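What follows is a set of notes on a single structure, which appears directly below.
The values are calculated or read from the model by the stated rules, or taken from the named source; none is laboratory data. Given the structure is predicted, the values throughout are model-derived calculations rather than measurements. Please note: Cβ atoms are built from the backbone with ideal geometry, for glycine as well, and neighbour counts cover all protein chains shown. With ligands, DNA and RNA removed, areas are computed over all heavy atoms of the protein, side chains included. Shrake-Rupley method; radii C 1.70, N 1.55, O 1.52, S 1.80 Å.
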Amino acid sequence: MRYLLALDQGTTSSRAIAFDERGQVAALAQREFAQHFPQPGWVEHDAGEIWATQLAVARECVQKLAIARSGQAQRAIAIEAIGITNQRETTVLWERATGQPVARAIVWQDRRTTARCDRLWRQGKAGLIQRKTGLVLDAYFSATKLEWLLEQVPGARARAEAGELAFGTVDSWLIWQLTQGRVHATDPSNAARTLLMNIHTLDWDDELLALFHIPRAVLPRIVPSSGLLGEAAPEWLGAAVPIAGVAGDQQAATFGQACFAPGMAKNTYGTGCFMLMNTGTQAVASRNRLLTTVGWQGPVEAARQRTAYCLEGSVFMAGATVQWLRDGLQMIRSAPEIEALAASVPDTGDVHLVPAFAGLGAPDWDGRARGTLVGLTRGSTRAHIARAALEAIALQSADLFGAMVRDAGIQLTELRVDGGASRNDLLMQMQADLLGVPVVRPRVTETTALGAAYLAGLATGVWSGADEIAAQWAVDRRFEPQLAEPARRARVARWREAVARARGWAKK
Ligand code: ADP
């Protein structure tokens with residue numbers, strides 16, 4: 001049996017999962033690390049701690065695998081290759097000479113560069129940026145974070161221009177550490193989130209570099225998501241291990257869900273929802289302010305290193321709505337309890353919860369929208385509210401799905417799902433009903449890590465190609481839509497009325 005080691009570096013924890021060649025989890029280790037909030041709206045990570053926890057879980061995972069296979073921690077089991085997947089957009093700047101970060105990493109959630117983005121909007125740069133990068137100009141992405149570091153860290157700009165500093169998203173940072181500074185690289189799915197790469201040429205873009213004042217000397221090389229890019233030094237895992245797969249977390253999950261053909265889509269139900277749809281070799285520009293992004297570049301579509309593009313949209317409050325019912329309203333004690341409570345009533349009694357606690361994302365994009373509960377009567381109970389909360393997750397996802405179908409002009413035939421809240425059968429049935437297409441939950445729901453393992457395994461011959469992987473992907477449960485089309489449309493229309501009442505509420 002051959003094994004791949006997926007390093008899954010997330011926003012709150014570092015994980016390592018060993019997969020066998022059947023795509024099954026063979027061992028897993030996980031460690032949380034500190035979140036730093038030095039000022040309101042700022043979020044930072046210690047890049048040294050990211051590396052330390054990632055290395056620790058990689059070692060622990062390899063040991064667990066050895067114990068599971070041979071009964072002995074000392075007997076190392078050979079790992080074919082490492083695949084990396086990571087929190088996206090988070091920005092690290094370090095010294096090439098020492099491998100030491102020059103400041104804490106600025107996390108994707110960090111809003112410190114909002115005013116800078118507003119200025120660029122006023123200067124009319126958003127259109128150019130969207131055409132080249134597929135992204136909406138926003139503080140979320142790396143460019144203004146890196147620009148901020150180069151301006152605010154004493155001496156950083158001069159040192160960057162002199163070639164002394166290296167920039168990277170978390171994938172690059174881990175590759176640098178794993179290879180002890182031999183490789184400074186990233187893949188197009190991560191580079192696509194920086195605002196600095198042209199997604200049509202897959203190269204750093206001089207006009208964008210000039211706009212954000214980024215010297216080329218700090219940038220990593222862009223290499224395919226699937227392919228040999230270097231070797232982890234022997235001292236880390238007991239032997240040199242090839243690094244052969246890299247992708248941002250959502251793209252890796254799309255790959256792990258085997259969404260290889262245009263029109264295939266996945267939705268991850270975590271704190272928020274992330275929906276990605278493969279649009280093939282075509283970068284589809286969105287008219288609904290979805291993001292256009294690189295899915296992966298790799299050997300999947302023949303051996304020509306072809307690029308798969310995706311449309312991406314997110315729901316800010318998904319599982320977080322369930323957390324609010326648990327912690328804010330104390331209506332349930334644990335998240336899974338919501339299912340039985342919601343199932344205790346046949347419908348919401350026309351009660352709607354619009355969880356716009358932090359505004360609304362695509363397709364509404366209304367920062368002033370706020371949470372709204374409408375349609376209450378004397379007969380309304382907590383069960384109706386719980387059911388409305390689950391429906392709100394499904395309805396927001398249905399809005400995104402509708403926007404993707406309109407943008408891509410492709411009718412989707414099913415939605416593949418994963419993430420913590422996808423375990424909720426009632427929610428998944430609601431989702432199928434409100435989309436009018438089947439919702440399919442796979443057996444292996446560690447899709448993010450699995451995607452990284454697949455990318456690495458394809459490059460090292462563990463798997464022959466996309467067909468072999470697609471054949472491994474196995475269904476746990478398929479939820480068929482049970483609502484007639486007119487009824488489905490009426491439900492979505494009623495939801496849109498509720499959304500209209502939530503919009504524009506906040507004064508500031
Ligand atoms: P993340 O990766 O964003 O931390 P997870 O994939 O671990 O999220 O999923 C956790 C989220 O899913 C939480 O917000 C939680 O409220 C929600 N959740 C977990 N189980 C259920 C369930 N059975 N029904 C509804 N929501 C759930």
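For LYS266, list the aspartates and glutamates whose Cα falls under 14 Å from its own Cα; do not include residues on the same chain fewer than 8 positions away.
Output for LYS266: ASP249, GLU312, GLU414, ASP418, GLU446.
Below 10 angstrom from the Cβ of ARG216, what's the summed charge of the other residues (Lys, Arg +1; Asp, Glu -1)?
Around ARG216, the charge tally is -2.
Compute the long axis of helix 142-152 from its Cα atoms, compare it with the longest principal axis of the Cα atoms of the chain, and write down the angle in degrees, 0 to 90, nearest 10.
60
Using a cut-off of 15 Å between beta-carbons, work out the net charge of the residues near ASP350 (Lys and Arg +1, Asp and Glu -1, ASP350 not included).
Neighbour charge sum, excluding ASP350 itself: +3.
Name the residues of region 384-417 whose amide N is less than 20 Å from a point 7 angstrom out from the Cα of ALA343 along the C-beta direction?
Answer for this model: 384-395, 417.
Which value, in Å³ per residue, describes the convex hull spanned by the Cα atoms of region 1-149?
140
Hey, which lysines would be in cross-link range of LYS507, C-alpha to C-alpha under 26 Å, not counting anything within fewer than 8 residues on its own chain?
none
Cut-off under 22 Å on the C-alpha distance; same-chain residues fewer than 8 positions from LYS145 excluded. Which lysines are left, in chain and number order?
Within reach: LYS125, LYS132.
How large are Rg and Dmax for region 143-295 when calculated on the C-alpha trace, in angstrom?
Rg and Dmax of region 143-295, Cα atoms, are 17.0, 51 Å.
Compute the accessible area per residue over the chain, keeping the other protein chains in place, probe 1.4 Å, unit Å².
I get 39 Å² per residue for this part.
Report the rotationally averaged projected area of region 334-396 based on its alpha-carbon convex hull, in square nanometres.
If I average the Cα hull's projected area over directions, I get 4.6 nm².
Ordering LYS125, LYS507, LYS132, LYS145 by how much accessible area each has at a 1.4 Å probe, largest first, what is the list?
LYS507, LYS125, LYS132, LYS145
Give me a comma-separated list of calculated 3J(HN,Hα) values for region 489-504, in order, Karplus coefficients 6.51, -1.76, 1.60 applied at θ = phi - 60°, integers in Hz, x for any Gly or Pro.
Taking θ as phi minus 60°, the curve returns 4, 5, 5, 5, 5, 5, 4, 4, 5, 5, 4, 4, 6, 7, 6, x Hz for region 489-504.
How are the C-alpha pair distances of the chain spread across 10 Å bins, as whole percents from the shortest bin up?
Pairs per bin, as whole percents: 4, 19, 29, 27, 16, 4, 0.
Computing the accessible area with a 1.4 Å probe over protein heavy atoms, can you report the carbon and sulfur percentage for region 223-356?
That fraction is 54 percent.
Using only the Cα atoms, work out Rg/Rh for region 150-193, with Rh taken as the Kirkwood radius, to two decimals.
1.03
Given charges of +1 on the Cβ of Lys and Arg and -1 on the Cβ of Asp and Glu, with all other atoms neutral, how large is the dipole of the chain about its Cα centre, in debye to the nearest 20?
1100
If r is the Cβ-Cβ distance from ILE67 to GLN411 and R0 is 41 Å, what FRET efficiency results, to the nearest 0.05?
Computed FRET efficiency for ILE67 and GLN411: 0.25.
With θ taken as phi - 60° and the coefficients 6.51, -1.76 and 1.60, list the Karplus ³J(HN,Hα) couplings across region 428-443 in order, rounded to whole Hz; mark glycine and proline as x.
After applying 6.51 cos²θ - 1.76 cosθ + 1.60, I find 5, 5, 4, 4, 4, 4, 7, 8, x, 9, x, 10, 10, 9, x, 5 Hz.
Quick one: order ARG119, ARG193 from most to least accessible surface, probe 1.4 Å.
The ranking, largest first, comes out as ARG119, ARG193.
Taking every pair of alpha-carbon atoms in region 384-508, give the share separated by more than 18 Å as a whole percent.
62
Based only on Cα atoms, what mean projected area does the convex hull of region 106-170 have, in nm²?
5.0
Whose amide H sits under 5 Å from the amide H of ALA27, counting only residues 5 or more places off or on another chain, with H placed in the peptide plane?
ALA18
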